[in-house]
Amino acid sequence: MTDDELLRYSRHILLNEVGIEGQERILAAHVLIIGAGGLGSPVALYLGSAGVGHITVVDHDTVDITNLQRQVAHTVDRVGSPKVQSIQAAIAQLNPGVQVTAVQQRADAALLNQLVAQADVVLDCCDNFATRHAINAACVMHKKPLVSGAAIRFDGQLSVYDTRDDQSPCYACVFPPEVSFEETRCATMGVFAPLVGIIGTMQAAEALKLISGAGRPLTGRLLMLDGRAMEFTEVRIGRHVACPVCGSPTPEPAQV
């Protein structure tokens, strides 16, 4: 670690749970972020500022004026630009030592199979069930921990799915792919601006804990937030032996 890095990350190094060894693991880590919007923005900014060595961001969309209410990595002068390039620029302004790979594509099964295999931790910051299930299938296949967050209206949820742990469920154990869930989008239902910041920041915290070894990750627990009352509810979740994804010895990647 250089003198500049020792100074930049000194507040992490002072934490007994992180220290120099934990920070070195953060500097050596490769994180994959799927989605560069409301959740992806705080995730990318905090992981970049914390010194994650390589961040890959995947999103097919461009910055729109309606995004600026909550997607804090984007700015007025970058409206019309690809979101992944906007986040790349935002991280560079915070921490130019971080390598950021911007992938302006939809996260389909083939792309996820390639990128998940290269990552240490995967963060699901997308906004639809089909992509979430494809991300989950790739993470199960490659045995990568998945930090999944969601936020709509005043409601948020967060969990860590890590099937390296035999007791940990995968996303499909909790939200079965054969069950039809109502798709809710910010464009039609609205979202309270700080809510995506709260959930996204917590996703970044869980990722850094997984990388550094600090604390206890949210594995096997689903954390739900009612932003109206600012109340958290935690539900214990377990693996389903009949899960079509993690319950089979060789899970097939989901199709998007």
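Restricting the first member to region 113-139 and to residues that are in a helix (DSSP H, G or I), and the second to residues that are among the basic types (Lys, Arg), the beta-carbon pairs closer than 7 Å and six or more apart or on different chains are VAL116/LYS144.
Residues of region 224-244 being within 21 Å of ILE198 (Cα to Cα) and surrounded by 17 or more Cβ atoms within 10 Å (Cβ to Cβ), which ones? Scanning region 224-244 gives LEU225, GLY227. Looking at (1) touching a residue at least 24 places away in the same chain (Cβ under 8 Å); (2) not in a helix (DSSP H, G or I), can you tell me which one PRO96 breaks? PRO96 satisfies every listed condition except (1). The residues on offer are VAL196, VAL174, VAL179, VAL160, and the sole one that is hydrophobic (A, V, I, L, M, F, W, C) and in contact with a Lys or Arg (Cβ under 6 Å, 6 or more places away or on another chain) is VAL196. Of all the criteria given as (1) in contact with a Leu (Cβ under 9 Å, 6 or more places away or on another chain); (2) among the small types (Gly, Ala, Ser); (3) in contact (Cβ under 8 Å) with a residue 40 or more places away in the chain, the one not satisfied by ALA73 is (3). Only a single criterion out of (1) within 15 Å of ILE33 (Cα to Cα); (2) of a type in the set (Lys, Arg); (3) modelled with pLDDT under 95 is not satisfied by LYS144, namely (3). Report yes if ASP61 is in contact with a Lys or Arg (Cβ under 7 Å, 6 or more places away or on another chain) and surrounded by fewer than 19 Cβ atoms within 10 Å (Cβ to Cβ), otherwise no. So ASP61 fits the description; yes.
Can you confirm whether ALA36 is within 16 Å of VAL196 (Cα to Cα) and either in contact with a Gly (Cβ under 9 Å, 6 or more places away or on another chain) or touching a residue at least 60 places away in the same chain (Cβ under 8 Å) (or both)? The answer is yes for ALA36. Looking only at region 23-76, residues that are within 11 Å of the chain's Cα centre (by Cα), among the aliphatic types (A, V, I, L, M) and assigned to a helix (DSSP H, G or I) come to 3 in all.
Restricting ARG216, ARG221 to those that are surrounded by fewer than 14 Cβ atoms within 10 Å (Cβ to Cβ) and within 30 Å of ILE13 (Cβ to Cβ) reduces the list to ARG216.
The values are calculated or read from the model by the stated rules, or taken from the named source; none is laboratory data. Owing to the predicted nature of the structure, the values given are computational and were not obtained by experimental measurement. When we count neighbours, we look across all protein chains shown, and the Cβ atoms used for this are built from the backbone with ideal geometry, even at glycine.
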